[in-house]
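Heads up, the thing below is written out as structure tokens.
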Amino acid sequence: MQEADVREALKTYVTEDEPAMGLTAGTVLNAGRRSRRNRRLAGVAGAALVAALAGAGVAVVSGGGSTDPEFAAAGACLGRPGARPSGAIAADRPLSPELVEWAATSLTCHLGEALPRLLPDARYAPVPGVPVGPLVGFSHGGEPPWGNRVDALALIRDREGTGDLTVTVGVADPSAAATAEDECRRETVSRCTVRSGPHGETVLVGTEADGTPADAPRDIVVRVYRGWSEIYVQASNTDRQAVDGGAPVATRPEPVLSEDQAVGLALSPELYLF
């Protein structure tokens, strides 16, 4: 990773009025090179980038907390969301409050059912700084690309250790799939592959570049495009805690979901919200 890329990424990020929550190192890198809408292809941060982020005060969770997060079973779905409310679905317009509530509930209910099936021995805790509990959908609000999506995050722990999960469902113009596929094919910082889903969905899978040390932090990032929906699933093998001002370290051997599990989750028809 070049210093010029880091500087440009940070410059682009800090000049935009966007919340830091949910930011990954790959997001920051792509911010310096891509449009706001398509910069969420993840790569894994080296220590230099995370240290730069820490110094800039962006999206780094400091270690050394006084208490360990409280892990518990996934919460139950408290009420089915029903049919999608009417309202504008557009890549350049925020969702209405009714659509936000419906989409957040839909995401919460599906994750609460899907994750225990995928990870029967896992327990879940909130991600520090996130305003809701683990696997609970919420909106950042504001204008797109934040105001027309819902997110859910969680720290996940099982016998292998702790990792984290982010799931986002947002509105993207149908033309975004071809643009993202082209970017994926030209990606050089991390490894990105293009697949097709069972019903013609565009599926992009990002991981670290070949040759990444085996004990390095790792991410699996999947993006699925179908209709107006863009589904984003990121699973890591870290607990998001910066170590001595540097990069998070691996807190389990592999990300909390395998590549096949992450792809399967992103292809869930229940997440085709738009």
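Within the stretch 70-89, the residues that satisfy the criterion of being in contact (Cβ under 8 Å) with a residue 24 or more places away in the chain and over 23 Å from residue 126 (Cα atoms) are 84, 89. For the stretch 220-244, taking the residues that are more than 28 Å from residue 100 (Cα to Cα) and not in a loop (DSSP other than H, G, I, E, B), the one that is farthest from the chain's Cα centre (by Cα) is identified as 242. The requirement of being touching a residue at least 24 places away in the same chain (Cβ under 8 Å), within 17 Å of residue 172 (Cα to Cα) and crowded, with 22+ Cβ neighbours inside 10 Å is satisfied by residue 230.
Scanning the stretch 161-183 for residues that are buried (at least 22 other Cβ atoms within 10 Å of the Cβ) and in a loop (DSSP other than H, G, I, E, B) turns up at least one hit.
None of 160, 183 is over 30 Å from residue 75 (Cα atoms) and touching a residue at least 40 places away in the same chain (Cβ under 8 Å) except 183. Return the residue satisfying two criteria in turn: it lies in the stretch 65-104 and is open to solvent by 100 Å² or more (accessible area, probe 1.4 Å) and of a type in the set (S, T, N, Q), and of such residues it is farthest from residue 164 (Cα to Cα). Among them, the one singled out is 86. Whether any residue in the stretch 135-145 is in contact with an Asp or Glu (Cβ under 7 Å, 6 or more places away or on another chain), of a type in the set (Phe, Trp, Tyr) and open to solvent by less than 30 Å² (accessible area, probe 1.4 Å) is what I want to check. Yes. Residue pairs whose Cβ atoms lie under 6 Å apart, separated by 6 or more positions or on different chains, with the first residue in the stretch 247-274 and under 24 Å from residue 81 (Cβ atoms) and the second of a type outside the set (A, V, I, L, M, F, W, C) and assigned to a helix (DSSP H, G or I), are 270/110; 273/106.
Taking each residue of the stretch 125-136 that is within 8 Å of residue 154 (Cβ to Cβ) and looking for partners that are assigned to a loop (DSSP other than H, G, I, E, B) and aliphatic (A, V, I, L, M) with beta-carbon atoms closer than 6 Å, six or more apart or interchain, yields 135/74. If you go through the stretch 187-217 and pick out every residue that is open to solvent by less than 50 Å² (accessible area, probe 1.4 Å), in contact (Cβ under 8 Å) with a residue 24 or more places away in the chain and part of a strand (DSSP E or B), you end up with 7.
The residues in the stretch 90-118 that are within 13 Å of residue 72 (Cα to Cα) and in a loop (DSSP other than H, G, I, E, B) can be counted, and the count is 0. Restricting attention to the stretch 233-244, and to residues there that are open to solvent by less than 30 Å² (accessible area, probe 1.4 Å) and touching a Gly at 6+ places or on another chain (Cβ under 6 Å), which single residue is farthest from residue 154 (Cα to Cα)? Looking at residues that are open to solvent by less than 30 Å² (accessible area, probe 1.4 Å) and touching a Gly at 6+ places or on another chain (Cβ under 6 Å), I get 242.
If you go through the stretch 119-134 and pick out every residue that is in a loop (DSSP other than H, G, I, E, B) and crowded, with 18+ Cβ neighbours inside 10 Å, you end up with 7. Can you name every residue in the stretch 245-267 that is outside any helix (DSSP H, G or I), surrounded by fewer than 16 Cβ atoms within 10 Å (Cβ to Cβ) and modelled with pLDDT of 95 or more? Within the stretch 245-267, 258 is the sole residue that qualifies.
The values are calculated or read from the model by the stated rules, or taken from the named source; none is laboratory data. Just so we're clear, the structure is a prediction, and the values are computed from it rather than from any experiment. Neighbour counts are summed over all protein chains in view; Cβ atoms, including those assigned to glycine, are modelled from backbone coordinates with ideal geometry. With ligands, DNA and RNA removed, areas are computed over all heavy atoms of the protein, side chains included. Shrake-Rupley method; radii C 1.70, N 1.55, O 1.52, S 1.80 Å.
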